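Undergrad: Handing you a structure now.
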Amino acid sequence: MALAILLQILWTCGAVFFLSWYYNYVNIVFLVLCVLLVFRMLIKWENNPSYVLAWSVPMLVFPIFGLTIYFLFGRASLTRKKRRIFGNIRFRYNEFIPTRDEALVSEEELESIDSSVARQSEYLTEWSGFPLWKNTYTKYYESGEVMFPDMLEALRSAKHFIFMEFFIVCPGRMWSEVLEILEQKVKEGVDVRFTYDDVGSIDYLPARYYKELQKKGIKCAAFNPFRPLMSVIMNNRNHRKILVVDGHTAFTGGINLADEYINEKVRFGYWKDTGIMLKGPAVLSFTVMFLEMWEYITGVATTPEEMAKMQPDTYCDERYDTTGFVQPYTDSPLDKEYVGENVYRNIISRAKKYCYIYTPYLIIGNEMISTLCMAAKSGVDVRIITPEIPDKPTVYMLTQSYYARLIKAGVKVYQFTPGFIHAKCFVCDDEIATVGSINLDFRSLYMHFECGCWLYKTDTVLDVKRDFLETQDKSHEITLEFCQSQPRAKRAVQAFLRLFAPLL
């Protein structure tokens, strides 16, 4: 940002003092370049005009500033070469993903499911690439401090391999206890592989921290390592949270490896987060997700022989006779299919009685706003819980800017009084829920690698509902009067920020 502003100032001064005769001609050239770039974005982002509008304003008003910022931060996809590499990896790993019949769900069972639910499952299978499973045990966690002991127990039980993929790693009690177990497991001959997002952890870990872990025998790699003025153009981050142990146990959700996630450290009041554990055949989906990313980062491929040893039943013969169905899914910024957003919109649209939502950020486009408002206007009880204490003041102000329109449509909005909500959960009609890493903001929905677990009629669906209602009791409802009583200056700033919402 400083570089872009400096260039704009220098350009303006130069235009005034040195380029008075040529300024108009050169400025026209840059303006034409900006117009062409806007048209290119319109073609590329045809399904997301809000993103194009947010970039068009600075580029057309301040061409030098706008172009500089865009090329530093606005290129929202990987290079063609890297997209091709990841696409080839995904294609090759398809052979390791079973069909629906192999995933233990028969055609008759699928037909017995509500048609709208079955269509959503088919959509996930087609566009995320992972099937619907049954006979999978799930356990929902209403906080990080509740999930952490089970994570440690699973890690200690590992005999063959541990796969871990997280957005943030921060030194402290949580990471120290995990690292101690990983070091011990390496000594026992366990295959330990660990990845973290370099930008996500940039404030907490030293540069090239993965080399320190490699010295301990842990196979470690950083996603998209930060290199100033080179990788800053890469907007795509790996926001997923995945832990797989011996192919039969997996964890996912919003919980990173930092002490605030288990409330060992207080940053923004009480840190409310959620997660889920899976045991059984559906764990294979998370194993494959990890291995795809591992090959993309390291170049190390998984052979069919190796994959055969990573099946859920290879090292565990326990069978789970459970109710309901489970479908892990992932979302990639490499295509124009916004799986995470579409899962959320489908849940809202098919809700008949209620739809309850946890989200730390509420920065959404018109399509999502319309979906929420239409459901509420149709008589569906739509409720959203956001934080009372924010982690990012600007984003918090922007989140609040959406309240009035939603409340007018009948959506009930609450703020979690004790602190910060980091959970990303939806639950609907006592039948469907999803727990994962996907926020209701532009970066999660369009630019990051994400993952989640879609649930249908499992016992954990009601656990998510119960937890939501208990959290609601600790929250206060936002009224339309509250929104309208805000100072005009604040509302003006919020309106201005909404223009640039896709960039935050």
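The values are calculated or read from the model by the stated rules, or taken from the named source; none is laboratory data. What you are looking at is a predicted structure, and each value in this text was computed from that prediction instead of being measured. Neighbour counts run over all protein chains shown; Cβ positions are idealised from the backbone, glycine included. When the accessible area is computed, the model is the full protein with side chains, heavy atoms only, and any ligands, DNA or RNA have been set aside. Shrake-Rupley method; radii C 1.70, N 1.55, O 1.52, S 1.80 Å.
Undergrad: At a 1.4 Å probe, what is the % contribution of carbon and sulfur to the accessible area of the chain?
TA: The value for the chain is 58 percent carbon and sulfur by accessible area.
Undergrad: Right, next: How big is the charge dipole of the range 330-413 about its Cα centre, in debye rounded to the nearest 20, if each Lys and Arg gets +1 on its Cβ and each Asp and Glu gets -1 on its Cβ? Please report the intermediate quantities before stating the final value.
TA: On the way: 11 positive and 8 negative charges, 102 e Å.
Magnitude of the dipole: close to 480 debye.
Undergrad: Moving on to the next point. How far is helix 49-61 tilted off the main Cα axis of the chain, in degrees rounded to 10, range 0 to 90?
TA: 30
Undergrad: Run the helix sum for the chain: -39,500 (n - 2.57) per DSSP H stretch of 4+ residues, divided by residue count, reported at 222 nm to the nearest 500 deg cm²/dmol. Intermediate values should be presented prior to the final figure.
TA: Working: 19 runs with 218 residues, N = 504.
Helices in the chain give a 222 nm mean residue ellipticity of -13500 deg cm²/dmol.
Undergrad: Of the options ALA492, LEU33, TYR361, report the single residue whose Cα projects farthest towards the positive end of the charge dipole of the chain (beta-carbon charges: Lys, Arg +1; Asp, Glu -1).
TA: Checking the options against the dipole of the chain, the answer is LEU33.
Undergrad: Where does the charge balance sit around THR359 when Lys and Arg score +1, Asp and Glu -1, over other residues with C-beta under 11 Å from its C-beta?
TA: Numbers: positive: LYS424; negative: ASP441.
Result for the local shell: 0.
Undergrad: Quote the charge dipole size of the chain about the Cα centre in Debye, to the nearest 20; the model charges only the Cβ of Lys and Arg (+1) and of Asp and Glu (-1). Walk me through the numbers before you get to the answer.
TA: Values: 56 positive and 58 negative charges, 458 e Å.
Approximately 2200 debye in magnitude.
Undergrad: Sticking with this one: How much FRET efficiency would the formula 1/(1 + (r/R0)^6) give for GLU177 and TYR320, where r is the Cβ-Cβ distance and R0 is 30 Å, rounded to 0.05?
TA: Details: r = 28 Å, r/R0 = 0.94.
Computed FRET efficiency for GLU177 and TYR320 comes out at 0.60.
Undergrad: Now, a different point. Stretch LYS211-LEU36 to full length: gain in nm at 0.36 nm per residue minus the Cα-Cα span? Let's see the in-between values first.
TA: Numbers: separation 175, 0.36 × 175 = 63.00 nm, distance 4.31 nm.
So the extension gain works out to 58.7 nm.
Undergrad: Hey, of (1) 1.38; (2) 1.00; (3) 1.10, which did the structure itself give for Cα Rg over 2.2 N^0.38 Å when calculated?
TA: (2)
Undergrad: Moving on to the next point. Could you work out the relative contact order of the range 349-497, using alpha carbon pairs under 8 angstrom and six or more residues apart, expressed as a whole percent? Write down the numbers at each step before the final one.
TA: Values: 264 pairs, mean separation 42.2, N = 149.
Here the relative contact order equals 28 percent.
Undergrad: Could you tell me which residue out of TYR123, ASN88, TYR204 lies farthest along the dipole of the chain toward its positive end? Charges go on the beta carbon: Lys and Arg +1, Asp and Glu -1, centred on the Cα centre.
TA: Value computed over the given set: TYR204.
Undergrad: Also, I was wondering about something else. By how many degrees, between 0 and 90 and to the nearest 10, does the Cα long axis of helix 366-377 differ from the longest principal axis of the chain?
TA: Around 60 degrees separate the two axes.
Undergrad: Accessible surface of LEU462 in the full protein assembly, 1.4 angstrom probe, to the nearest 10 Å²?
TA: Here the accessible area works out near 90 Å².
Undergrad: Please work out how much length the chain gains when fully extended from SER116 to LEU3, using 0.36 nm per residue of separation minus the C-alpha to C-alpha distance, in nm with one decimal. Can you show the working numbers first?
TA: Details: separation 113, 0.36 × 113 = 40.68 nm, distance 5.04 nm.
Difference between extended and current length: 35.6 nm.
Undergrad: OK, next. Checking the table LYS279/LYS336; LYS159/LYS272; LYS134/LYS424; LYS134/LYS392; LYS159/LYS265 against a 28 Å threshold on Cα-Cα, which pairs fail? Don't skip to the end; give the middle numbers.
TA: Working: LYS279/LYS336 32 Å; LYS159/LYS272 32 Å; LYS134/LYS424 23 Å; LYS134/LYS392 40 Å; LYS159/LYS265 32 Å.
Pairs exceeding the cut-off: LYS279/LYS336; LYS159/LYS272; LYS134/LYS392; LYS159/LYS265.
Undergrad: Remind me, relative contact order of the chain in percent, using alpha carbon pairs under 8 angstrom and six or more residues apart? List each step's numbers first, then the result.
TA: On the way: 951 pairs, mean separation 83.3, N = 504.
Normalised by residue count, the contact order of the chain is 17 percent.
Undergrad: Based on the Cβ-Cβ distance of GLU126 and ASN366, what FRET efficiency does E = 1/(1 + (r/R0)^6) give at R0 = 35 Å, to the nearest 0.05?
TA: Values: r = 26 Å, r/R0 = 0.73.
The computed FRET efficiency comes out at 0.85.
Undergrad: Now for a different question. By how many degrees, 0 to 90 and rounded to 10, does the Cα axis of helix 488-499 deviate from the longest principal axis of the chain?
TA: The two axes meet at around 70 degrees.
Undergrad: Excluding same-chain residues fewer than 8 positions from LYS353, which aspartates and glutamates have a Cα within less than 16 Å of its Cα?
TA: Output for LYS353: ASP114, ASP381, ASP429, ASP430, GLU431.
Undergrad: Right, another one. How do 91-98, 418-425, 392-399, 335-342 rank on mean C-beta neighbours within 10 Å, highest first?
TA: On the way: 91-98: 13.8, 418-425: 24.5, 392-399: 17.2, 335-342: 18.9.
Highest-to-lowest ranking by the protection proxy: 418-425, 335-342, 392-399, 91-98.
Undergrad: What FRET efficiency comes out for the pair GLN486/SER378, r = Cβ-Cβ distance, R0 = 22 Å, nearest 0.05?
TA: Values: r = 29 Å, r/R0 = 1.31.
For GLN486 and SER378, the calculated efficiency is 0.15.
Undergrad: Let me ask something additional. Which of the three applies to the range 166-289, rounded, prolate or oblate, going by the alpha-carbon gyration tensor with a ≥ b ≥ c and a/c under 1.5 meaning rounded? Can you show the working numbers first?
TA: Values: a/c = 1.33, a/b = 1.15, b/c = 1.15.
Rounded shape, in that the Cα axes give a/c under 1.5.
Undergrad: Going highest first, how would you order 252-265, 432-445, 203-216 by mean Cβ packing within 10 Å? The partial results should precede the final answer.
TA: Details: 252-265: 23.1, 432-445: 25.0, 203-216: 13.9.
Peptide ranking by packing, descending: 432-445, 252-265, 203-216.
Undergrad: Over the chain, average the accessible area per residue using a 1.4 Å probe and give it in Å², no decimals.
TA: Working: 21500 Å² over 504 residues.
Accessible area per residue: 43 Å².
Undergrad: For ASP467, ASP473, give me the order by solvent-accessible area with a 1.4 Å probe, most accessible first, ignoring ligands, DNA and RNA.
TA: Details: ASP467 5, ASP473 130 Å².
Per-residue accessible area, sorted high to low, gives ASP473, ASP467.
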